[in-house]
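The values are calculated or read from the model by the stated rules, or taken from the named source; none is laboratory data. Only a predicted model underlies this, so the values are computations on that prediction, with no experimental measurement involved. Cβ placement follows ideal geometry from the backbone for every residue including glycine, while neighbour counts extend to all protein chains displayed. We work out accessible area using only protein heavy atoms, side chains counted, and drop any ligands, DNA or RNA first. Shrake-Rupley method; radii C 1.70, N 1.55, O 1.52, S 1.80 Å.
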Amino acid sequence: MSSAKEESVNAVIDPATGEFKRPAAQFRNFISSKSNAEFPPEKGRYHLYVSYACPWAHRTLIVRKLKGLEDIISFTSVHWYMDLGGWRFVTPDEHLPGDNVAPDPINHVNNVRELYLLADPTYNGRFSVPVLWDRKLKTIVSNESSEIIRMLNTEFDGLVGEEFRGVNLVPEELREKIDELNTWIYDDINNGVYKSGIAKTQEAYEQAVTAVFTSLDRVENILQASSGPYLLGSQLTEADVRLYPTIVRFDVVYVTLFKTNLKTIRDGYPNIHRWLQHLYWDIPDFKETTSFEHIKKHYFKSLLPLNPNGIVPLGPLPDIREK
Ligand SMILES: N[C@@H](CCC(=O)N[C@@H](CS)C(=O)NCC(=O)O)C(=O)O
């Protein structure tokens, strides 16, 4: 018998092949500093709704900090538990770890679904995070993390402190290389772990898990040959930011829950491991946006078809090794 939860996971499974297919996001507006833009950059106007557990939302929290946007764009994280009703905000009496895990301070709704319906009562897509909300027009600017981080990277430079104007995660001379890395890292690693974990046939799983490890091998070689600590040498770029949320979840969640268990990062990929430890321990923006409690509880307790009793593994310990 298939539970309602399984049906919700089945909604994105290709019935012919058993493969997981992630549907495209539907709110695709851009904040722009060009004159007469519908969504101009403004201090205090935009709010990010995220989950600390979600790797796509995690990117937006990292870029918000790297770009010095903490006083310009506020944020709220939902509860780590995503049930059949989707993501919900905590109630005033619930106290979870992490900054800004709070009841919705802007729209005072109970859950992310209600937020989407405020923006568009006819909306019939997925109720996903992250959501970039416009307080002024009371609508969703974007629910696509890859585009949100591009806006944060460039469009607020007139408002951020001087030291952050020089931070450019997609410098023009590296843009092509970043886009190329992003494409296969998204398909095979960021989304690849989900394709492995949610596959409904042995073939779909094996194909996905093979792609995950082929591409991790490729990342390992790139980092080994790199002239600096990052994927593209001495400069931290968007490609590192987009890879990090998956790698930091890899050993603690994906290896067990998603069966991506041919190797671990900590014992199988010395260069990726060193890169991960550097980002986590040396650049506070990465550690401060990483909550292993939200991450582990979310995956092991919300994706119940994969872990029916909702038991959260104690290991691996530590979550991430000291350098
Ligand atoms: N295209 C989106 C994908 C975001 C996404 O899939 N978020 C997941 C959580 S990790 C979600 O909110 N899922 C809820 C749902 O599909 O109902 C992005 O990158 O922003």
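A few points about this structure:
- Each Cα pair under 8 Å and six or more residues apart adds its sequence gap; the mean of these over the residue count of the chain is a relative contact order of 20 percent.
- Relative frequency of Cα-Cα separations exceeding 29 Å in region 4-165, percent: 20
- Where only alpha carbons of the chain are counted, the Rg and the Dmax (Å): 19.2, 59
- Just the protein heavy atoms count here, and of the accessible area of region 172-283 at 1.4 Å, carbon and sulfur take up 49 percent.
- In the frame of its principal axes, region 85-182 has Cα extents of 46, 30, 27 Å, reported largest first.
- Computed packing ranks the peptides 307-319, 235-247 as 235-247, 307-319, most packed first, by mean other Cβ atoms within 10 Å.
- Principal axis box of region 172-283, alpha-carbon based, largest edge first, Å: 42, 28, 20
- Checking the cross-link pairs Lys43/Lys323; Lys177/Lys200; Lys263/Lys287; Lys200/Lys263; Lys65/Lys263; Lys67/Lys195 against a 28 Å limit on the alpha carbon distance flags Lys43/Lys323; Lys177/Lys200; Lys65/Lys263; Lys67/Lys195 as lying beyond it.
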